[in-house]
Amino acid sequence: MVSQSINIRNLYKIFGPRARDFVEPVMRGMSKTELNREHGHVLGLKDINITIPGGGITVIMGLSGSGKSTLIRHINRLIDPTSGEVRYGDVDVCRMDKEQLRQFRQKKTAMVFQKFGLLPHRNVLQNAVYGLEIQGVGKGDREERAQHWIKRVGLEGFSNHYPNQLSGGMQQRVGLARALTNDAEILLMDEAYSALDPLIRVDMQTVLLDLQKELKKTVVFITHDLDEALRLGDRIAILRDGEVIQQGTAADIVLRPADEYITAFVKEVNRARVIQVDAVMSPTSALTKSGLRIPAGTAVEEALRQLSAANASAAAVVSGDGQEIGSVSMSELIRCLVGHEPGTPQAAAPATAAKAMSAIP
Amino acid sequence: MDWLWKFPSMDEDMLRALKKSVDEGFRAFTRGYGSGIENLFSPLQSFLIWAERLMTGMPWPLVIALIGAIAWLATRSWRIVIGCIVTLLLIGYFDMWEDTMKTVSMIFVCTVLSIAIGIPIGIAMSRSDRLQRIVNPILDVMQTMPSFVYLIPVVMLLGIGRVPGVIAVVIYALPPMIRLTNLGIRMVDRDVLEAADAFGSSSWQKLRNVQLPLALPTIMAGINQTIMMALAMVVIASMIGVQGLGQPVLKAIANQYFTLGVFNGLAIVGIAIIFDRISQAYGLRLQKHREVVHG
């Protein structure tokens, strides 16, 4: 599937009757509080610029009220922007007329919702075919395609159940099956897993990652959970008060948090599992006496395990085709784990590192 | 200080002139367009006569079997089916079969008309707050205006007979149909509608696939209310010549025939209960998918 990227440029969303009049003042620096207190308008999104590359998972993370659900609704224009553009390939979604928009939603996008949004009077199969049904795909064809995806998301044998008969996790599988049956290039997931309990959530994340390996859709995933963001996201954008405050890969966010807000966020993260050796390796391959080779993409935790098992102090990092692309040392790996906490005396670092090392089996 | 104790009302002559001119205007309208309007309603007249012939012309065991079958299909409950059959047998045994069939046929026509008019208006109303603001007070008038008052112009226009009777009944029975259709559609979960939008539904597809099916139980409650209100109008309709169970009741009132009144009154109650139980149980069965909640 050829997936194009989604480019969001200078997107503003202001809620209120005279929204358009306030774009200028906000651009010139009127604050969210001032806009709300003095003029009774709510600033939803402010100058959003995000490139969502085709074929990857982009996670938009933020706490409630940060505007993340508003943002994802601009991609299929369930919400109209106040100003700015959302380009898919070379079309601006914001300039489509009603019919073009309907076609775009039918053919190019599929969406999964936090509250599932299933049709309660239809069973699992009838829900899954909904997208194809309104496109006018024949009954036999659409049901065959839906059955395939119902099976893939692990709902085989439940086709005739009604949503109310299913648990939350299973209902969301129906939501996912419905979106996948639509066979669209863009998959929008609006806090799709937030309503699920933690174990099922991890389970569903695995389902998505496994499917994505072969589907290579352009996935936009909204979440308030940093662990979820780091696990799923090829790229992550962090939103606060309607503004993007950092975007980059998981390692970028964890290793180089843009401000204190994000620093506070990433503090509790298990860095060893999130950061991959590629992010910390040095391009030189001078120190590889041990002959230990670690494939790129390995998590730091696993790399440390291999290093300590081999009793080596450094290893070469090799790409998929066996090419040496750099090297990592034990101390580099440990340094990335403990980070540089502002205000922490330098002397404390080795102690933490020693603890980290003794924790490795 | 006289004006404090006596309301400063309109001058008597002026008031008389006003009433007279309105009355004369309407009379002129009746003379001018009465027959045209009557022709407009002639399809309704034929529909009414057809329905009445159908009900009274059928052999009674067939009618009972038919109503029993409908009850079974709609409710799947033997208790309701048996209740319906026993009620109908009792009505027949007390020699009210013919009148009951006439009433049932009229109620049937009124219900069909109310549904045909009410659902589209209800849908339109659910889509526009402005229309809702306009229609709601009209519905209030239709429901609270004493029916005798709007019988006067209807009778002046169309004379006495079935058609004016049906119009009077429909005016009274239509509001719940409109209101509950509107309410049912407005109550549909916004998340589900958003999902339908996100998959690119047109507004007609949204109405057909999401809004109407989810509003159906509420719409069924509206149909139920419409039937009940139509039955409540049977006696009043009989005053302008609608045949059926209302006429014996009217006769009983005029001549103080206590037993005749009670019998026919009970027959009305009997068919009201039959219609109510069948339509309610059907409405409930439409919601079956909501009941089975994951444990």
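Say we look at region B:43-76 and pick out the residues that are over 13 Å from B:VAL163 (Cβ atoms) and among the hydroxyl-bearing types (Ser, Thr, Tyr); which of these is surrounded by the fewest Cβ atoms within 10 Å (Cβ to Cβ)? Filtering region B:43-76 for residues that are over 13 Å from B:VAL163 (Cβ atoms) and among the hydroxyl-bearing types (Ser, Thr, Tyr), the one surrounded by the fewest Cβ atoms within 10 Å (Cβ to Cβ) comes out as B:THR56.
Please verify whether B:LEU15 is in a helix (DSSP H, G or I) and surrounded by 10 or more Cβ atoms within 10 Å (Cβ to Cβ), treating the condition exactly as stated.
Details: in a helix (DSSP H, G or I): yes; surrounded by 10 or more Cβ atoms within 10 Å (Cβ to Cβ): yes.
Criteria met by B:LEU15.
The sole residue among B:GLY261, B:GLY241 that is outside any helix (DSSP H, G or I) and either within 14 Å of chain A (Cβ to nearest Cβ) or of a type outside the set (Asp, Glu) (or both) is B:GLY241. Would you confirm, using the coordinates I've provided, whether A:ILE150 is farther than 30 Å from A:ASP234 by Cβ and in contact with a Phe, Trp or Tyr (Cβ under 8 Å, 6 or more places away or on another chain)? Criteria not met by A:ILE150. When A:GLN147 is tested against the conditions (1) surrounded by fewer than 23 Cβ atoms within 10 Å (Cβ to Cβ); (2) more than 11 Å from chain B (Cβ to nearest Cβ); (3) not in a helix (DSSP H, G or I), the lone failure is (3).
A:GLY157 satisfies every condition listed in (1) crowded, with 18+ Cβ neighbours inside 10 Å; (2) more than 28 Å from A:SER5 (Cβ to Cβ) except (1). Assess whether B:PRO248 counts as being within 14 Å of chain A (Cβ to nearest Cβ), part of a helix (DSSP H, G or I) and within 28 Å of B:ALA51 (Cα to Cα). The answer is no for B:PRO248. Considering region A:160-169, the residues that are in a helix (DSSP H, G or I) and under 28 Å from the mean Cα position of the chain (by Cα) include one that is surrounded by the most Cβ atoms within 10 Å (Cβ to Cβ), namely A:PRO163. Of everything in region A:90-140 that is at the interface with chain B (Cβ under 7 Å from one of its Cβ atoms) and part of a loop (DSSP other than H, G, I, E, B), the residue that is surrounded by the most Cβ atoms within 10 Å (Cβ to Cβ) is A:GLY117. Of the listed requirements (1) at pLDDT 85 or above; (2) under 23 Å from A:LEU226 (Cα atoms); (3) outside the structural domain of A:ASP241 (by TED's automatic domain parsing), A:ALA309 misses just one: (2). In region B:184-220, how many are in a helix (DSSP H, G or I), more than 9 Å from chain A (Cβ to nearest Cβ), among the aliphatic types (A, V, I, L, M) and in contact with a helix residue (DSSP H, G or I) (Cβ under 6 Å, 6 or more places away or on another chain)? Selection size over region B:184-220: 4.
Scan region A:239-252 for residues that are within 25 Å of A:ALA299 (Cα to Cα) and either at pLDDT 90 or above or under 13 Å from the mean Cα position of the chain (by Cα) (or both) and report the count.
The initial filter retains those residues of region A:239-252 that are within 25 Å of A:ALA299 (Cα to Cα), namely A:246-252.
Add one more test, that the residue is either at pLDDT 90 or above or under 13 Å from the mean Cα position of the chain (by Cα) (or both), and what stays is A:246-250.
Number satisfying all stated conditions: 5.
The residues on offer are B:GLY200, B:GLY265, B:GLY270, B:GLY283, and the sole one that is on the phi > 0 side of the Ramachandran plot and of a type outside the set (A, V, I, L, M, F, W, C) is B:GLY200. If you check A:LEU45, A:LEU11 for being within 28 Å of A:VAL254 (Cα to Cα), away from chain B (no Cβ under 14 Å) and in contact with a Ser or Thr (Cβ under 7 Å, 6 or more places away or on another chain), only one passes: A:LEU45. Consider region A:74-89 and keep the residues that are more than 15 Å from the chain's Cα centre (by Cα) and within 14 Å of chain B (Cβ to nearest Cβ). The one that is farthest from A:VAL219 (Cα to Cα) is A:ASP80.
Give region A:7-45 a look and list any residue that's among the hydrophobic types (A, V, I, L, M, F, W, C) and out of contact with any Lys or Arg (no Cβ under 7 Å at 6 or more places or on another chain), or say none.
A:ILE8, A:LEU11, A:ILE14, A:PHE15, A:ALA19, A:PHE22, A:VAL23, A:MET27, A:MET30, A:LEU35, A:VAL42
Residues checked against (1) of a type in the set (S, T, N, Q); (2) modelled with pLDDT under 95; (3) under 19 Å from the mean Cα position of the chain (by Cα):
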site	(1), (2), (3)
B:PHE94	no, yes, no
B:LYS102	no, yes, yes
B:ALA116	no, no, yes
B:VAL141	no, yes, yes
B:PRO153	no, yes, no
B:LEU157	no, yes, no
B:PRO164	no, yes, yes
B:VAL169	no, yes, yes
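Could you say which residue among A:LEU187, A:LEU196, A:LEU166 is at pLDDT below 90 and within 14 Å of chain B (Cβ to nearest Cβ)?
Details: A:LEU187 fails: at pLDDT below 90; A:LEU166 fails: at pLDDT below 90.
Being at pLDDT below 90 and within 14 Å of chain B (Cβ to nearest Cβ) holds for just one of A:LEU187, A:LEU196, A:LEU166, which is A:LEU196.
Going through A:LYS68, A:LYS115, A:LYS13, A:LYS108 one at a time, which residue ends up being closer than 27 Å to B:LYS206 by Cβ, among the basic types (Lys, Arg) and not assigned by TED's automatic domain parsing to the domain that holds A:ARG231? Let's see the steps before the verdict.
On the way: A:LYS68 fails: not assigned by TED's automatic domain parsing to the domain that holds A:ARG231; A:LYS115 fails: not assigned by TED's automatic domain parsing to the domain that holds A:ARG231; A:LYS108 fails: not assigned by TED's automatic domain parsing to the domain that holds A:ARG231.
Just one listed residue meets the conditions, A:LYS13.
Counting only residues that are among the hydroxyl-bearing types (Ser, Thr, Tyr) and free of Cβ contacts under 8 Å to residues at least 40 places away in the same chain, region B:166-202 holds 2 of them. Hey, any hits in region A:193-213 for a residue that's touching a residue at least 12 places away in the same chain (Cβ under 8 Å), among the β-branched types (Val, Ile, Thr) and outside any helix (DSSP H, G or I)? For region A:193-213, residues touching a residue at least 12 places away in the same chain (Cβ under 8 Å), among the β-branched types (Val, Ile, Thr) and outside any helix (DSSP H, G or I): absent. Out of A:GLU341, A:GLU332, A:GLU302, one residue alone is over 21 Å from the mean Cα position of the chain (by Cα), closer than 26 Å to A:GLY233 by Cα and modelled with pLDDT of 85 or more. It is A:GLU302.
Mind checking which residues of region B:40-86 are among the small types (Gly, Ala, Ser) and closer than 17 Å to B:GLU98 by Cα?
Filtering region B:40-86 for residues among the small types (Gly, Ala, Ser) gives B:42, B:46, B:51, B:57, B:65, B:68-69, B:71, B:74, B:77, B:83.
Once the filter is applied, which keeps residues that are among the small types (Gly, Ala, Ser) and closer than 17 Å to B:GLU98 by Cα, region B:40-86 yields B:ALA51, B:GLY57, B:ALA65.
The values are calculated or read from the model by the stated rules, or taken from the named source; none is laboratory data. Just so it is clear, the structure is predicted and the values come from calculations on it, not from any experiment. Quick reminder, even Gly has a Cβ in these numbers, built from the backbone with ideal geometry, and neighbours come from all protein chains shown.
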